[in-house]
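These notes concern the structure reproduced below.
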């Protein structure tokens, strides 16, 4: 008997189980949709309550200081290799702050180094071309000016860095990565740090902080909890180039000593003894004679050192060299390298009298030197 065709088979009827399953699925879908409809309605906001005293203080500090912080953009002139045409291209960005009512702006030297022009942007959005007033590369400080034809933001209140304490709260305002007017906070992690620079010298008496400092923060102010300037954010220690919790600032006392000179005469004149010294030769002599200090190679005739009776190296009768005075301390603080000598002298001003401790022929003596202008 041949098989029956499919069209001849009786049609299947849905069973009671299929009907119940479909009904149950519909009920579950309806129930699941009910909470979604409720959650589509905005929730009621829970009252926050008062801000903490610390939060209010930080907000007030930022609002007071913000207008005095500026955003600096620099450009440089480059020549096209093929056409020989000169173009102005953006070089970098940084931060700065208003120093006085005359429109002077203080920033880091490395922010404007190599630039042909700089633009200063104020917190109100106004842009101004800035002129270079003066710079001190050894302190990484530069002063710009943006003119006097309008009302300037108030200068940042000036504090002191000599009485700072590790653990003290600090705040940094700047433009990290071009993100303008950014506030970060932290504490003073250490004091009197020294960092070598690209010129073979060092930046001394630096403030170390864990407040987040990134590229673009350079030149911005480091403030204490009273909103006073205690330093200029200048560099970071970071394997990645971003904040790693170790930043450094030039202390306010150094800024207050250097900036007025830059405004007055366009450069910083370092106090000096009037002696010739050399770092490499000094290192060799120290190792050879096992003496820690700075060897005076020559006390220039008519110099402050010569007037105080200090002597340099001399030739012996046998044709050798006899060491002269070896500076071992200034005002009781030990000196063991040329860099430390220069940094220690930088704590004084031209015309100051300082007590120099020297070693001569194995004996220790002291001399008082009136500091003269350096090179």
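Can you tell me the relative contact order of the stretch 87-177? Whole percent, Cα pairs under 8 Å, sequence separation 6 or more.
Normalised by residue count, the contact order of the stretch 87-177 is 31 percent.
Kirkwood hydrodynamic radius (Cα pairs, Å) of the stretch 169-265?
Evaluated over the stretch 169-265, this radius sits at 13.5 Å.
Cβ neighbours within 10 Å, averaged per peptide: list 349-362, 212-225 in order, most packed at the top.
Final packing ranking: 212-225, 349-362.
Taking the square root of 5 times each eigenvalue of the Cα gyration tensor, what semi-axes in Å does the equivalent ellipsoid of the stretch 292-375 have, largest first?
22, 14, 11
Bear in mind these aren't lab numbers, they're just calculated from the coordinates by the rules spelled out. Fair warning: this is a prediction, and the values are worked out from it, not measured in the lab. So basically every Cβ, Gly included, is an ideal-geometry build from the backbone, and we count neighbours across all protein chains shown.
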